[in-house]
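A.B. asks: Below is one structure. I have some questions about it.
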Amino acid sequence: MRNPLLYSIVFLVFLSSCSDKYQAFKSHYTFKSENGAPDYSDLNYWAAHPWKWNPSDSTPMPLLNELRDSTVDVFFLHPTTYTKKSKLKKPNADIDDDYINAKTDYSTILYQASVFNQRCRIFAPRYRQAYIGNFFAADKAKANQAFELAYQDIKKAFEYYLAHWNNGRPVIIAAHSQGSLMAERLLKEFFENKPLENRLVVAYLAGWPVPKDYFSSLKMCADSLQTGCICSWRTFRKGYIPKYLKNEKGNSYVTNPLTWTTGNEYAPKQLNKGSVLIKFNKVYKQTTDAQNHNGLLYVRRPKFPGSFLYFTRNYHPGDINLFYLNIRENVSTRISMFAKK
């Protein structure tokens with residue numbers, strides 16, 4: 001696995017990092033594993049699954065009248081939600097931790113995975129995610145062990161999904177942050193130069209770099225219509241380069257989610273069809289522009305009510321939500337193009 005310390009994920013509590021609202025949902029998660037490992041035959045170990053209600057089924061109110069179908073599956077890997085310091089200093093989250101599971105479901109599953117629910121069945125496994133501190137740990141070998149355990153859970157979940165629920169259906173791989181780190185390896189192991197590559201509609205890998213030398217047959221999407229390809233971006237305020245990225249030197253691919261190209265052309269905010277931010281039922285249009293530069297996606301400070309108090313230059317938490325409607329539309333477009341093939 002590539003060294004995960006290359007990329008910081010400081011803002012991993014999605015859009016509401018100081019909130020403890022997830023305490024209210026803890027009572028929904030009373031299941032206990034027998035041996036500390038996930039059992040993917042049990043729907044409790046899926047944060048999102050088409051056979052149970054979950055927050056990814058939610059739709060912002062302005063979109064409630066959309067026509068729905070589900071001819072394609074999305075396998076969604078959520079970002080790090082294990083961010084609180086553990087008294088036991090565990091390198092990986094417990095699979096049945098009620099607070100972490102509540103936080104996962106009512107942050108990333110609600111605000112990110114829901115972007116796919118117009119055209120897809122959503123499968124999002126719980127996994128023993130690596131603690132956020134592993135991204136900065138001095139002991140790299142120990143940190144890599146934590147990431148390896150997380151990946152083995154994801155691999156097991158994907159194998160179970162393929163064996164029991166896929167039934168030859170087209171699939172989208174989607175992820176954010178730590179999930180995208182894991183998704184790259186999943187694509188490498190199960191899709192690249194494998195028969196399953198023919199069933200890949202697209203991969204959306206947000207919040208993590210895709211090195212230019214990592215894949216061979218899998219390519220970046222050249223436009224909004226191509227299928228069997230990858231889209232990836234990391235969002236920052238224009239001109240900002242975090243210290244931990246200064247040595248990257250543009251060695252990563254980047255997709256502009258307003259144009260779906262990898263070029264450096266500027267995309268004005270008029271192309272931004274709508275963001276879904278802290279208020280899930282509100283869609284904010286034309287919040288920001290976008291332009292690729294040196295392996296990163298740059299935007300001007302987003303415009304929404306109260307944005308004058310939004311001082312951060314790292315828009316990692318909004319990688320998906322700033323472009324919610326553009327992604328939603330693009331999912332539908334690529335599914336239609338895949339069907340024509």
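Rule-based calculations on the coordinates, nothing more; no lab input. Keep in mind it's a predicted model, so treat the numbers as computed, not measured. A quick note on method: Cβ atoms are made from the backbone with ideal geometry, for glycine too, and the neighbour counts reach across all protein chains shown.
A.B. asks: Could you work out the relative contact order of the stretch 117-236, using alpha carbon pairs under 8 angstrom and six or more residues apart, expressed as a whole percent?
C.D. replies: 19 percent
A.B. asks: Okay, moving on. Multiply the residue gap between LEU196 and TYR266 by 0.36 nm, knock off their C-alpha separation, and tell me the result in nm, one decimal place.
C.D. replies: Details: separation 70, 0.36 × 70 = 25.20 nm, distance 3.48 nm.
Computed gain between LEU196 and TYR266 is 21.7 nm.
A.B. asks: A further question follows. Between LYS21 and ASN314, take the C-beta separation as r, use R0 = 25 Å, and let me know the FRET efficiency to the nearest 0.05.
C.D. replies: Working: r = 22 Å, r/R0 = 0.90.
It comes out at approximately 0.65.
A.B. asks: Between LYS285 and ALA141, how high is the FRET efficiency from 1/(1 + (r/R0)^6) when r is the Cβ-Cβ distance and R₀ = 35 Å? Nearest 0.05. Spell out each step's value before the answer.
C.D. replies: Working: r = 48 Å, r/R0 = 1.36.
Efficiency at R0 = 35 Å is approximately 0.15.
A.B. asks: Whole-Hz ³J(HN,Hα) for each residue in the stretch 259-274, computed from phi via Karplus 6.51 cos²θ - 1.76 cosθ + 1.60 with θ = phi - 60°, x for glycine and proline: what do you get?
C.D. replies: 10, 6, 10, 9, x, 9, 5, 7, 10, x, 5, 4, 7, 7, 7, x
A.B. asks: Quick one: check the C-alpha center-to-center distance for the stretch 263-341 versus the stretch 162-185, whole angstrom.
C.D. replies: Their Cα centres are 22 Å away from one another.
A.B. asks: Within the stretch 62-144, report the chymotrypsin sites (Phe, Trp or Tyr not before Pro) that DSSP leaves as loop and that have at most 14 other Cβ atoms within 10 Å.
C.D. replies: Working: sites: PHE75, PHE76, TYR82, TYR99, TYR106, TYR111, PHE116, PHE123, TYR127, TYR131, PHE135, PHE136; in loops: TYR82, TYR127, TYR131, PHE136.
For chymotrypsin sites (Phe, Trp or Tyr not before Pro) across the stretch 62-144 that sit outside H, G, I, E and B with at most 14 neighbouring Cβ atoms in 10 Å, the list reads PHE136.
A.B. asks: Quote to one decimal, in nm, the extra length available between ASN167 and LYS85 on full extension: 0.36 nm per residue of separation minus the C-alpha distance between them. List each step's numbers first, then the result.
C.D. replies: Values: separation 82, 0.36 × 82 = 29.52 nm, distance 4.09 nm.
Extra length from ASN167 to LYS85 when fully extended: 25.4 nm.
A.B. asks: Sorted by mean Cβ packing within 10 Å, highest first, what order do the peptides 286-296, 209-219 take?
C.D. replies: Working: 286-296: 20.2, 209-219: 15.5.
My ranking of the peptides, most packed first, is 286-296, 209-219.
A.B. asks: Which Rg and Dmax, in Å, describe the Cα atoms of the stretch 112-182?
C.D. replies: 14.3, 44
A.B. asks: Estimate the FRET efficiency between LYS219 and LEU67 by the formula 1/(1 + (r/R0)^6), using the beta-carbon distance for r and 25 Å for R0, to the nearest 0.05.
C.D. replies: Numbers: r = 31 Å, r/R0 = 1.24.
The calculated FRET efficiency here is 0.20.
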